[in-house]
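What follows is a single structure, and I will ask about it in a moment.
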Amino acid sequence: MSTRIRLTDVTKDYGLAVPAVDNVSLTIEPGEFMTLLGPSGSGKTTTLNLIAGFETLTAGTIAFDDADVSTLPPHKRNLGMLFQNYALFPHMTVAQNVAYPLRERKVPKPDITRRVAEVLDLVQLTGRDGHYPSQLSGGQQQRVALARAIVFGPAALLLDEPLGALDRNLRGVLQAEIHRIHQEVGTTFVFVTHDQEEAMNLSDRIALFNNGKIEQVGTPEALYQRPETLFTARFLGDSNVFPLDKPFDGKAVWEDSVWAVDPGTVAAPTASALVVRPEDMRLSTSSVPGTNSVGATVRAVEYMGAYRTVVLALGRSGLTGRARLGPEDTAIAAGQTVVASWPVARQRLVLS
Amino acid sequence: MADPPQRRIPSPQWLLVLPALALLAVILLVPLGRSLTYSVDAPAWTLDHYTALFTDGVTLTVLARTALTATIVTIVAVLLGYPYAYLMTRVGPRLRGLLMVIVLVPFWTSVMARNFAWIIILQRGGPVNSFFKLFGWDLVLYESVAGVTIAMSQVLLPFMVLPLFSALSGIDRRLLLAARGLGSHPITAFWKIYWPLSRGGVVAGLILVFTLSLGFYVTPALVGSPQQSLVAQLLGQRTTQLLDFPGASALGILVLVVSLALVSWANRFGGTISAIGVAASTPTNAPTKDRP
């Protein structure tokens, strides 16, 4: 039921300046929830369409388990697909929409009826069989699309920004729903989004795309805690970025001050930027032992509800940075001079 | 404190249709009513003019010929118009504009110019005749029902293409991707998804072309032969030459009733009249047929 999807040196070139997908290799494990994350134009959707067969490969191969599907047309790949616009057939009822892939597979009628009822129950739409898509809300339509995409037991489910058209609350509800259904059906899920929070919430692993290439693959935690490049550090969450005076050569130097480095936090020997998460920044009046620190001026304090964000001008150059304070830290005010410090183990040296 | 009861002030918007309604009343309803009275009231109340239509030996033949011609024209128009309208939805805006202009040129050309052009093309010694002569076939389409059919198809094609284009451009092509992803061969996806969604536009085009064909006058009169006239020529003959107003009125009413019957029958296939303007893009037009 669940399938390993293996992309080997996959390239899609439309003849533009840069290939849409540039020599990407990625293995998606059976039953895994893999998110292709990236800004628009990064190649994530093209990669999904290549897996689906809607686009043809310029180079490379795509295999499901051990079968090469590179040249197989979409209707023979046995994949479920969820679109942002739901793509429900407007002239068919909910039941007819969900039955569609089963009818195309010549499943006997009684089995169709049973499977449709089961899957509508799974997506909590029992009793809506006779409705037309236009009679349903956006969230309900996407549930129907989800039911239709999994009812035939596809080798994998491809989700192309399925929550993009929904409002924030509904998005949360459907995220939970997609997560639950992934747990229940155990199929391989390949999920495309540009929303990093969505990716972090749902994924077993994330493949972060940038300019047609995969920047980094790993668990959400690995990408957040141990980014290898500046792009990753910036795309997932906020970062304070110190561009080093010269590439790391055993010493990390910024504005002539040498910082302590934990070898475990160096992403590459030639790392050229040091990043610190805002929540790891501490503000005090004097430097704290066992930390790296830099002088800073408080520019503004932004109230965010659960926390406050302090906007800082760091070092001599006044580099913009951010620190996150709990609601009880009310002593900090704009205009103050402080020392911003962070544990050596919490910094990260990345390629820029 | 309770709100004072809302007084319903009639919206002044309906005033906007008054001029059109007045005009319609004068130029449509009055003559139509006059025709109706003519057809049953000359000299005294009678249905003779209607029964004559079925017994004079001419009218039925002409009606049958007209219906056949209209049917062929409609079929030709949909066979040519559907792929054309489909192509229009698939090309870029520049080419689409060009294709649209090509469709609209017949609208912008004088009726007389178009029909005389067809006479020149179809007459003995014209290009069509010369072409078939190369193969030893002395085919003259001028003054034939076939020639009339060809010319009418060209003239009426825009009435098929425009509602079809409107309907087809309202169809979300991602539905076809979805269908293919769900296991449909592209051809199956077309027949199960695209075709049913385009049906409203097809019916709209069929009705427009067919009803217009039924009443077509200039083309059959110029390109066709008097021996093989269509119903509009018969009407013209009865009003202008025979001055048989009751007979002409009865015939006119009959054609009108047939046309109205067709439109209302076609309406059952889902919003035909609205499909002419707004296409099948409104999914609330869900068909009531085919429910499980």
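Filtering segment B:142-180 down to residues that are over 30 Å from A:A147 (Cβ atoms) and small (G, A, S), which residue is surrounded by the most Cβ atoms within 10 Å (Cβ to Cβ)?
Among them, the one singled out is B:A151.
Now for a different question. Answer yes or no as to whether B:I187 is hydrophobic (A, V, I, L, M, F, W, C) and either without any contact (Cβ under 8 Å) to a residue 12 or more places away in the chain or under 30 Å from A:A145 (Cβ atoms) (or both). Steps first, answer last, please.
Numbers: hydrophobic (A, V, I, L, M, F, W, C): yes; either without any contact (Cβ under 8 Å) to a residue 12 or more places away in the chain or under 30 Å from A:A145 (Cβ atoms) (or both): yes.
Yes, satisfied.
Also: Kindly provide the set of residues from segment A:83-111 that are crowded, with 19+ Cβ neighbours inside 10 Å, within 14 Å of A:F152 (Cα to Cα) and among the hydrophobic types (A, V, I, L, M, F, W, C), ordered by number.
A:A95, A:V98, A:A99, A:L102
Among the numbered criteria (1) under 27 Å from A:D9 (Cα atoms); (2) outside the structural domain of A:H75 (by TED's automatic domain parsing); (3) open to solvent by less than 20 Å² (accessible area, probe 1.4 Å), which single criterion is violated by A:N240?
The number of the failed condition is (1).
If I go through segment B:137-196 residue by residue, how many of them are assigned to a loop (DSSP other than H, G, I, E, B) and within 14 Å of chain A (Cβ to nearest Cβ)?
Final tally of qualifying residues: 8.
How about segment B:197-208: which of its residues are more than 12 Å from chain A (Cβ to nearest Cβ) and farther than 16 Å from B:P83 by Cβ?
Listed by number, the residues that qualify are B:V203, B:A204, B:I207, B:L208.
If I ask for residues that are in contact with a Phe, Trp or Tyr (Cβ under 8 Å, 6 or more places away or on another chain), touching a residue at least 60 places away in the same chain (Cβ under 8 Å) and hydroxyl-bearing (S, T, Y), which ones from segment A:272-326 would you list?
Residue satisfying the conditions is A:S272 alone.
With the requirement that a residue be in a loop (DSSP other than H, G, I, E, B) and hydroxyl-bearing (S, T, Y), what does segment A:227-251 give you?
A:S239
Where the second residue is part of a helix (DSSP H, G or I) and the first is under 19 Å from B:A85 (Cβ atoms) and lies in segment B:104-116, which pairs have Cβ atoms under 7 Å and are six or more apart or on separate chains?
That search, which allows pairs on different chains as well, returns B:L104/B:P158; B:P106/B:R114; B:P106/B:Q154; B:P106/B:V155; B:P106/B:P158; B:F107/B:P158.
So for segment B:131-141 (the condition being out of contact with any Gly (no Cβ under 6 Å at 6 or more places or on another chain), surrounded by 15 or more Cβ atoms within 10 Å (Cβ to Cβ) and not hydrophobic (A, V, I, L, M, F, W, C)), does at least one residue qualify?
No, that holds for no residue.
Considering only segment A:180-223, how many residues are farther than 30 Å from A:Y14 by Cβ and touching a Leu at 6+ places or on another chain (Cβ under 6 Å)?
Selection size over segment A:180-223: 1.
Next question, about the same structure. Given segment A:57-157, what helices (runs of 4 or more DSSP H) lie entirely inside it while holding 2 or more residues that are in contact with a Pro (Cβ under 8 Å, 6 or more places away or on another chain), more than 8 Å from every other protein chain (Cβ to nearest Cβ) and in contact (Cβ under 8 Å) with a residue 40 or more places away in the chain? Please lay out each step first, then the result.
Working: elements: A:94-104, A:109-122, A:138-150.
Qualifying helices (runs of 4 or more DSSP H): A:94-104, A:138-150.
Only one residue in B:V91, B:V128, B:V76 is more than 25 Å from B:L230 (Cβ to Cβ), open to solvent by less than 70 Å² (accessible area, probe 1.4 Å) and among the hydrophobic types (A, V, I, L, M, F, W, C), so which one is that?
Every option except B:V91 fails the conditions.
Given the criteria under 32 Å from the mean Cα position of the chain (by Cα) and either at pLDDT below 90 or surrounded by fewer than 12 Cβ atoms within 10 Å (Cβ to Cβ) (or both), does A:D262 qualify?
It is true that A:D262 is under 32 Å from the mean Cα position of the chain (by Cα) and either at pLDDT below 90 or surrounded by fewer than 12 Cβ atoms within 10 Å (Cβ to Cβ) (or both).
To continue, here is another question. Is at least one residue of segment A:177-188 open to solvent by less than 10 Å² (accessible area, probe 1.4 Å), free of Cβ contacts under 8 Å to residues at least 40 places away in the same chain and within 30 Å of A:L159 (Cα to Cα)?
Within segment A:177-188, one or more residues are open to solvent by less than 10 Å² (accessible area, probe 1.4 Å), free of Cβ contacts under 8 Å to residues at least 40 places away in the same chain and within 30 Å of A:L159 (Cα to Cα).
A follow-up question, please. Looking at segment A:158-171, which of its residues are in contact with a Gly (Cβ under 7 Å, 6 or more places away or on another chain) and more than 14 Å from chain B (Cβ to nearest Cβ)?
Answer for segment A:158-171, where residues must be in contact with a Gly (Cβ under 7 Å, 6 or more places away or on another chain) and more than 14 Å from chain B (Cβ to nearest Cβ): A:L166, A:L170.
Here's a follow-up. Can we say A:D280 is open to solvent by 50 Å² or more (accessible area, probe 1.4 Å) and either acidic (D, E) or closer than 22 Å to A:R308 by Cβ (or both)?
no
This table checks each residue for (1) open to solvent by 40 Å² or more (accessible area, probe 1.4 Å); (2) farther than 18 Å from B:L53 by Cβ.
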position	(1), (2)
B:G224	no, yes
B:Q228	yes, yes
B:L243	yes, no
B:V263	no, yes
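Restricting to segment A:27-75, name every residue that is open to solvent by 40 Å² or more (accessible area, probe 1.4 Å) and charged (D, E, K, R).
Within segment A:27-75, A:E29, A:E55, A:D65, A:D66, A:D68 qualify.
Restricting segment B:108-124 to residues that are within 11 Å of B:G147 (Cβ to Cβ) and not polar (S, T, N, Q), which is most open to solvent (accessible area, probe 1.4 Å)?
B:I121
The values are calculated or read from the model by the stated rules, or taken from the named source; none is laboratory data. Given the structure is predicted, the values throughout are model-derived calculations rather than measurements. Here the Cβ is made from the backbone with ideal geometry for all residues, glycine too, and neighbour counts use every protein chain on show. Areas reflect the complete protein model, heavy atoms only, side chains present, ligands, DNA and RNA absent. Shrake-Rupley method; radii C 1.70, N 1.55, O 1.52, S 1.80 Å.
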